[in-house]
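What follows is a single structure, written as structure tokens, with notes after it.
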Amino acid sequence: MHVLFKSALGAGLAWALFSLPVQADGDIAAGQAISASCAACHGATGKATNALYPNIGGQNSAYLALALNAYKKGDRTGGQAGVMQAFTAGLSEQDINDLAAYYASQKP
Ligand code: HEC
């Protein structure tokens, strides 16, 4: 009984440690494929093509996912947010996690 408890605790601890760095279960390759529709403004690797657009390469993936969800839900408004509301409207939760993983993996 005691041994069982210890191994269960060990497995739980290992799970917690290994799952820490994983922020969103995004797939970098899938995100890169979707990012073609973002490249006109954010560049192929997240370096903006124009000073009016933000650089997003190397940004934290959890932050990117939060921002994309906020545009999609209409929580982010004002400024140029309308542009991003249009580009996030058709993205699924998985698309957003994949895009976040892709841009986060790029050099700032
Ligand atoms: C037509 C140009 C354009 C396209 C295409 C575009 N964006 Fe944007 N993006 C912008 C602009 C402009 C902003 C700033 C919006 C604001 O003022 O809130 C922005 C903001 C963002 C932000 C927030 C950055 C931050 O620092 O908070 C993210 C993340 C983002 N875009 C990702 C994407 C992704 C992913 C795609 C493709 C699905 C995409 N964008 C397509 C122009 C564009």
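ALA100: net charge of surrounding residues, Cβ under 13 Å, Lys/Arg +1, Asp/Glu -1, itself excluded?
With Lys, Arg at +1 and Asp, Glu at -1, the neighbours total -4.
If the cut-off is a Cα-Cα distance under 14 Å, which aspartates and glutamates reach LYS72, setting aside same-chain residues fewer than 8 apart in sequence?
Here the aspartates and glutamates satisfying the reach criterion relative to LYS72 are GLU93, ASP95.
Which of rounded, prolate, oblate describes the stretch 52-96, given a ≥ b ≥ c as roots of the alpha-carbon gyration tensor eigenvalues and a/c under 1.5 marking rounded, otherwise prolate only if a/b is larger than b/c?
Oblate shape, in that a/c is at least 1.5 and b/c is the bigger or equal ratio.
Mind checking the log10 I(q)/I(0) for the stretch 17-108 at q = 0.16, 0.21, 0.26 Å⁻¹? Debye, one equal scatterer per Cα, no solvent, two decimals.
With one equal scatterer per Cα and no solvent, log10 I(q)/I(0) is -0.58, -1.01, -1.49.
Read-outs: derived from the displayed coordinates by stated rules, not from any lab. Quick caveat: nothing in here was measured; it's all calculated off a predicted structure. Cβ coordinates were reconstructed from backbone atoms using ideal geometry, including for glycine residues, and neighbour counts include every protein chain displayed.
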